[in-house]
Amino acid sequence: MNSPEQIEAEKLLSVLFYSPNATAVYKGDDIRIISANQAMLSFWGKDRNIIGKDFRSVLPELDDQPFFSILKNVWDSGQTFTAKNYPAVLLTENGPQKFYFDFEYKAMLDGEGKTEYILHTASEVTERQNAVHLVEEKSKSEQKLIDDLSALNEEYLTTNEDLVSKHEELFTANTELLKIRKELITANHTLRENEKRFKTLVEKSPVAMASLRGEKFEVDIVNDMVLQIWNKDRSIIGKPLAEVMPELKGQIFIDILSKVYRTGQPYYGKEIKALIRNGENMTEHYLNFAYQPIVDENNNSTSILIVASDVTEQVHARESVMEFKNRLEIAMDASRLGSTEVHLATGAMESTPQFKYNYGYAADEEFNYSDLYNAILPEYREHIRGLVSEAILTNGIYKAEYPVKWKDGSIHWIQAHGRPRYDKSGVADRMVGMTTEITDKKLAEQRKDDFLSVASHELKTPLTAVKASIQLLNRIKDKPFSQTHIRLIEQSDKGIEKMCMLIDDLLNMSRLGQDQLMLEYNRFNLHEMLSKSCNHVRLEDKYQLILKGNETLEVHADEHRIEQVVVNLVNNAVKYAKDSKEIHIHTESYDDHIKISVQDFGEGISESVIPHLFDRYYRADHFGASYSGLGLGLYICSEIIRKHSGKIGVNSKIGEGSTFWFTMSEKK
Ligand code: ADP
């Protein structure tokens, strides 16, 4: 039965038959080929005979390809199948060949939804596919190329990165180099500046400076100060030092310079004497100097820098100060002057040994201001303190004399002079003091005072007697001559005699003091002189003067002075050995001297006083008995004998009398 759809299907088929698109129509389970147009037949490589036959039987070459089963599935399911670029291997004249198709198996359904036909449309896309493949291939190779390129690029990039980093490094290095170069330029500049500055420094330096180059010590840089010391001008620049200053030969300087140059060790000289030529003469200079070697990068000396100062004046000044100090010390030692400096705040003292000794301290003993005050006898302390305070107030010199008690209990007199010293703010902080021991002087003064009191007292006694006698004589002057006259005149005579003796002693003493006791030598007979002297004693019946010895003995001496000695000894015998009836005078002659002795038989002299008998003002104690006298007689005798180059002495024993003797070298 023919339905309108069928007719339309047939019409459609005829239309499809001429369609340039390959078309076929299938029907049934076995996929019978109802229609196939020329284009489809060409694909299959078949002719129209295959129409009406089933798909598998005419196209067995497609068995192992999925087409039949797809068609079967479309028939059974009524589901259209569409494919694009589907490959199919078809038989050609050249054997099986692969082609590509876009195709559709369209299920044409009946009214019940059952598959009635399958419309197969296909168009070959092999070329397009090939083109696609080609494009794919191309794109693949392109990709590879791209990959390669990108790999290459990456490598390039890496390399580039390296390069960049290298470049950066180079850049940094370059920057560094630039910096160093700049620094070098600056350094070089600085060096030049420094050199310039150094030169200026040397030239303008207030101390003598010079730089000597090389091992010949060529004068390189000098300033006026050094030229002045060397007594040279700038013409010496560039010449060796030894050449321009030949006087240095034999002096130590060139040797020292050589050593400094060789060892690279600097040398410092202190107050070294240099003799420098000044015209015809050599001038002595004392120099403080430093030789500083200047070394290159290998530590080799290239030059020596000299810095010097002329200290001649200071050295001379110090020498004269030392000389002055030495003289002062000698003078201070000789005069037993001690000096000290007291730090008033602490009481600490810096004292010379003599100063300490004056207060009874040894040189190594501690001695401070409180020790000094403690040594002063208490009753003097306040007075001294007052003097010191006043000196501080008035910036004056204080002078004082005071007794000090040594640790051994002995008393010594000190004469002190002091002067305050002030700090910068005008506060007295130190006291400079000098002391000397004046005990002897004080004793002498004491003795003088004692002597004057004794002398006036002794002179007063005979003077009173003479005065009384003369007053009495005056009263009876109108009366006739009487026994009283005689007695008074005799008393006056004795008194005047005593006064004369005392005044003689005083005069002799004062002559001795002024060294005016001149001897008048003459030759005389000793025995004669002795027998005539001491008549005043002989006249008194009380005593007997017995003269023994060679009567012809002659001596060369000051007769008057020798007689004075003998009279003095005889007078003493009369005075101190009252009960001795006999007084013996002996003369003895020896090879080169004669000896004269005066012997009494009085009470004698105690051994302990004998050594002092010939001292000035010495008078022994006679146990209550009082004798007129000044203690000068024996002293004057000893001085007369000393002037005659003789000796004087006494032999005595208590109870046995005394023998005073003296010797004279006999001048023939
Ligand atoms: P003065 O003026 O006291 O006599 P001198 O120097 O003559 O002084 O004598 C010193 C002391 O020596 C006397 O004070 C006396 O004590 C002692 N003296 C001197 N001669 C004798 C003597 N012959 N016998 C004992 N004592 C004597």
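The values are calculated or read from the model by the stated rules, or taken from the named source; none is laboratory data. The structure presented is a predicted model; accordingly, all values stated were derived computationally and were not measured. A quick note on method: Cβ atoms are made from the backbone with ideal geometry, for glycine too, and the neighbour counts reach across all protein chains shown. To get the accessible areas, we keep the full protein, side chains included, count just its heavy atoms, and leave off ligands, DNA and RNA. Shrake-Rupley method; radii C 1.70, N 1.55, O 1.52, S 1.80 Å.
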Entries in LYS448/LYS581; LYS325/LYS356; LYS494/LYS643 that, when Cα-Cα distance is taken, lie over 27 Å: LYS448/LYS581; LYS494/LYS643
Magnitude of the charge dipole, the range 19-124, Cβ model with Lys/Arg +1 and Asp/Glu -1, debye to 20: 120
Shape call, the range 19-124: gyration tensor on alpha carbons, a/c limit 1.5: prolate
Test of understanding: extend the Cα→C-beta vector of LYS259 to 7 Å, then name every residue of the range 302-328 with backbone N under 16 Å from that spot. none
The percentage of Cα-Cα pairs in the range 129-315 separated by more than 31 Å is 47
With the charge dipole of the chain built from beta-carbon charges (+1 for Lys and Arg, -1 for Asp and Glu) about the Cα centre, the Cα from MET434, VAL58, VAL650 projecting farthest to the positive end belongs to VAL650
Over the range 335-437, what per residue volume does the convex hull of the Cα atoms give, in whole Å³? 91
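Rounding to the nearest 20 debye, state how big the charge dipole of the range 178-273 is about its Cα centre with +1 on each Lys and Arg Cβ and -1 on each Asp and Glu Cβ.
Charge dipole, the range 178-273, about its Cα centre: 400 debye, nearest 20.
Under a 1.4 angstrom probe, counting protein chains only, how are THR23, THR659 ranked by accessible area, largest first?
In descending accessible area the options line up as THR659, THR23.
What FRET efficiency, computed as 1/(1 + (r/R0)^6) with R0 = 41 Å and r the Cβ-Cβ distance, is obtained for GLU350 and VAL207, rounded to the nearest 0.05?
0.70
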Summed side-chain charge close to SER258 - residues other than SER258 whose Cβ falls under 12 Å, Lys, Arg +1, Asp, Glu -1: +1
When N is the residue count of the range 522-665, what does its C-alpha Rg come to as a fraction of 2.2 N^0.38 Å? 1.00
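Give the Rg/Rh ratio for the chain, taking Rg as the radius of gyration of the Cα atoms and Rh as the Kirkwood radius, to two decimals.
Rounded to two decimals, Rg/Rh equals 1.80.
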Would you rank HIS457, HIS586, HIS120 by solvent-accessible area, highest first, keeping every protein chain in place and using a 1.4 Å probe? HIS457, HIS586, HIS120
Taking only Cα atoms, what is the 0 to 90° angle, nearest 10, from helix 559-576's long axis to the longest principal axis of the chain? 80
Starting from the Cα-Cα distance between SER235 and SER309, subtract it from 0.36 nm times their residue separation and give me the gain in nm to one decimal. 24.5 nm
If you place +1 on the Cβ of every Lys and Arg, -1 on the Cβ of every Asp and Glu, and leave all else neutral, what size is the dipole of the range 288-344 about its Cα centre, to the nearest 20 Debye? 340
Add -39500 (n - 2.57) for each DSSP H run of 4 or more in the chain, then divide by its residues: what number comes out at 222 nm, to the nearest 500 deg cm²/dmol? -15000 deg cm²/dmol
How many nm separate the modelled label positions at ASP30 and GLU112, each set 7 Å beyond the Cα in the direction of the Cβ? 2.2
Binning at 10 angstrom from zero up to the longest distance, how are the C-alpha pair distances of the range 285-328 distributed in percent? 25, 27, 21, 15, 10, 3
Could you tell me which of rounded, prolate or oblate describes the range 459-516, using a ≥ b ≥ c as the square roots of the eigenvalues of the alpha-carbon gyration tensor, with rounded for a/c under 1.5 and, failing that, prolate when a/b is larger than b/c and oblate otherwise? prolate
The pairs in LYS216/LYS249; LYS407/LYS441; LYS548/LYS595; LYS46/LYS98 lying past 19 Å Cα-Cα in this model are LYS407/LYS441
Give the residue from PHE324, ILE503, SER235 lying farthest towards the positive end of the charge dipole for the chain; charges sit on Cβ (+1 for Lys and Arg, -1 for Asp and Glu) and the dipole is referred to the Cα centre. ILE503
Label point 7 Å beyond Cα of HIS485 along Cβ direction - residues of the range 435-477 with amide nitrogen under 12 Å: 473-474, 476-477
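How many percent of the accessible area of the range 129-315 is carbon or sulfur, using a 1.4 Å probe? Before the final figure, lay out the partial values.
Working: 7180 of 13000 Å².
Ligands and nucleic acids excluded, carbon and sulfur give 55 percent.
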Modelling each spin label as a point 7 Å along the Cα-to-Cβ direction, I'd like the ASN326/ASN130 distance in nm, to one decimal. 13.6
Specify the angular offset, from 0 to 90 degrees and rounded to the nearest 10, of the alpha carbon long axis of helix 483-513 from the longest principal axis of the alpha carbons in the chain. 30
Expressed in nm to one decimal, what extension gain is obtained for the pair SER42 and SER57 from 0.36 nm per residue of sequence separation less their Cα-Cα distance? 3.7 nm
Could you tell me which of LEU519, ILE392, ILE610 has its Cα farthest along the dipole of the chain towards the positive end, charges placed at Cβ (Lys, Arg +1; Asp, Glu -1), taken about the Cα centre? LEU519
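What does the net charge come to around GLY513 if you take all other residues with beta carbon closer than 12 Å to its beta carbon, with K and R at +1 and D and E at -1? Kindly include the intermediate steps, with their values, before the conclusion.
Numbers: positive: LYS448, ARG511, ARG616; negative: ASP515, GLU639.
Its environment carries a net charge of +1.
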Förster radius 51 Å - calculated FRET efficiency between ASN73 and ALA151 (Cβ-Cβ, nearest 0.05): 0.60
